[in-house]
Structure formats: structure tokens, C-alpha cells
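Let me begin by presenting the structure, written as C-alpha cells, before commenting on it.
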Amino acid sequence: MRKILITPFIWIIRFYQVAISPFTPSVCRYSPTCSQYSLEALQKHGLFKGSWLAAKRIISCNPWGGKGYDPVP
């Protein structure tokens with residue numbers, strides 16, 4: 001059941017990684033990138049907690065936010 005819920009979100013992130021990200025400048029301040037972090041968070045924590053972690057990470061990825069190595073907890 002868990003995989004069924006997160007599969008559409010994983011497809012959206014992978015589409016972004018393959019079709020959109022290569023054509024935009026690399027501006028992510030973190031390692032792993034925000035999209036890779038989102039994939040790992042969804043796979044490790046499920047839809048709700050993984051989405052929350054991904055949203056927090058994306059919001060903090062700005063010039064006044066953090067930077068550096070930040071793995072999925």
C-alpha cells in the first residue's frame with residue numbers, strides 16, 4: 001500500500017530530474033540535491049513524513065538558508 005501511494009510522486013520527481021533539471025542552472029545549495037533528497041525521504045519515511053521533510057528542505061534551499069551535506073534523517 002505504501003509503495004502505491006508514493007509511486008506517483010516518485011514519477012514526478014524523476015520526470016523533473018530527467019526532463020527539466022538538465023536544462024536549468026544548478027543552484028541547489030545542498031548535497032544530495034533537493035530532488036534526490038525528496039526521493040530518499042519518500043522512500044524511507046513514506047508519503048506524509050517524507051513530503052514534510054522534502055518541503056522543509058526545498059523551502060530552506062535559498063540564499064539565506066542552509067548549505068552543505070544534509071542527508072535524510
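Below, the figures for the structure above:
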read-out: Theoretical gain in end-to-end length, residue 19 to residue 7 [0.36 nm per residue, Cα-Cα removed]; value: 2.5 nm
read-out: Helix 47-60 axis, angle to the chain major axis (alpha carbon atoms, nearest 10°); value: 10
read-out: Residue-normalised accessible area of the chain, expressed per residue, 1.4 Å probe, Å²; value: 72
read-out: For region 35-43, Karplus couplings with θ = phi - 60° (6.51, -1.76, 1.60), whole Hz, Gly/Pro x; value: 5, 5, 4, 4, 4, 5, 5, 5, 5
read-out: Rounded, prolate or oblate (a/c below 1.5 giving rounded, otherwise prolate when a/b exceeds b/c) for the chain by Cα gyration tensor; value: oblate
read-out: Which of 18, 72 is most accessible, then next, and so on - probe 1.4 Å; value: 18, 72
read-out: Cα-based helix-to-principal-axis angle, 2-15 vs the chain, degrees rounded to 10; value: 40
read-out: With every protein chain in place, the chain: carbon and sulfur % of accessible area (1.4 Å); value: 69
read-out: Net charge, residue 53 excluded, C-beta distance under 14 Å - Lys, Arg +1, Asp, Glu -1; value: +2
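The values are calculated or read from the model by the stated rules, or taken from the named source; none is laboratory data. The shown structure was predicted, so the numbers you read here are calculated from the model rather than taken from an experiment. Glycine gets a Cβ as well: all are built from the backbone with ideal geometry, and neighbour counts include every protein chain shown. SASA here: full protein model, heavy atoms, side chains in, ligands and nucleic acids out. Shrake-Rupley method; radii C 1.70, N 1.55, O 1.52, S 1.80 Å.
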